[in-house]
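What follows is one structure encoded as structure tokens, with my remarks underneath.
The values are calculated or read from the model by the stated rules, or taken from the named source; none is laboratory data. Here the structure is a predicted model, which is why all the values come from computation and not from measurement. Ideal geometry is used to build each Cβ from the backbone, glycine not excepted, and the neighbour counts take in all protein chains shown.
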Amino acid sequence: MVKPDAFRLSAGQQELGYGFPTDKMGTRAHCKECGMTPFGWGHLEQVGGDYVSINLACLDDLDPAELLAAPVTYQDGRNDNWWNVPAETRHL
């Protein structure tokens, strides 16, 4: 997650559709061709206000080994308990 002023879409605007705008989930961009969700944005006080979340697996030229080595932080957004790890993470 990053603040909106730290995010810049440099290419691919024409391939994107937007959907799922809700107060709880924000808005997500999706690729019209493959259906992937490369990023989304919204506002949650629990995460510091306005945010953009980026699907790192959608970045061009990302070495899969680098993605596998990246740290993972689990947050329990389902229960609005953002600062704690969910009880179950095996499926995440």
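Structure notes:
- Residues located in region 63-82, provided they are part of a helix (DSSP H, G or I) and more than 15 Å from the chain's Cα centre (by Cα): 64, 65, 66, 68, 69
- Filtered residues of region 25-57 (kept if of a type in the set (Lys, Arg) and within 18 Å of residue 77 (Cα to Cα)): 28
- Residue list for region 28-62, filter: closer than 16 Å to residue 13 by Cβ, within 9 Å of the chain's Cα centre (by Cα) and of a type in the set (A, V, I, L, M, F, W, C): 39, 41, 52, 54
- Every test in (1) over 24 Å from residue 89 (Cα atoms); (2) surrounded by fewer than 10 Cβ atoms within 10 Å (Cβ to Cβ) is passed by residue 45 save one, and that test is (1).
- Filter pass, residue 18 being out of contact with any Phe, Trp or Tyr (no Cβ under 6 Å at 6 or more places or on another chain), among the hydroxyl-bearing types (Ser, Thr, Tyr) and modelled with pLDDT under 90: yes
- Any hit, region 16-27, residues being surrounded by 12 or more Cβ atoms within 10 Å (Cβ to Cβ) and basic (Lys, Arg): no
- Matching residues in region 38-62 - criterion: being of a type in the set (A, V, I, L, M) and outside any strand (DSSP E or B): 47, 56, 57, 59, 62
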